[in-house]
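Let me begin by presenting the structure, written as structure tokens, before commenting on it.
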Amino acid sequence: MVIVGQRAEKVADYSRARSLALPILVDPDRSVIKRYGVYHRLGLTAFNIARPATFIIDRAQRIRFMYISRGQSDRPDHETLVAELQKLHLPQSPSPPLAAGAPPVEPSPQ
């Protein structure tokens, strides 16, 4: 799920233009963003937005992993996210292709 602190129309247009197939929570008053502690009122590269952040929340609604970015281009690496998700012991889906046209890598039998 993605949470964005923007107007619903802008989010809908963005999602449609990119054919996004993931749930998006529109948080125009930024109440959810504030509750997660990632609201960024004023900074060198941002005004009145959320810091990019990644949370992994388990089925019991507990935060199992949290990464709050230092800036707009700071994100956790793929390997870290996969390792954190594996700790939850969830069934794995095939990873997305690494290069255009490359077949997905199937998970190894367990």
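Could you say whether any residue in segment 43-60 is more than 16 Å from the chain's Cα centre (by Cα), of a type in the set (S, T, N, Q) and modelled with pLDDT under 90? Within segment 43-60, one or more residues are more than 16 Å from the chain's Cα centre (by Cα), of a type in the set (S, T, N, Q) and modelled with pLDDT under 90. Given the criteria charged (D, E, K, R) and at pLDDT below 85, does Arg70 qualify? The answer is yes for Arg70. For segment 10-42, residues that are of a type in the set (Asp, Glu) and at pLDDT below 90 total 2.
Residues in segment 1-24 that are surrounded by 13 or more Cβ atoms within 10 Å (Cβ to Cβ), in a loop (DSSP other than H, G, I, E, B) and among the small types (Gly, Ala, Ser): Gly5 only.
The values are calculated or read from the model by the stated rules, or taken from the named source; none is laboratory data. Here the structure is a predicted model, which is why all the values come from computation and not from measurement. Every residue, glycine among them, receives a Cβ derived from its backbone with ideal geometry; neighbour counts consider all protein chains shown.
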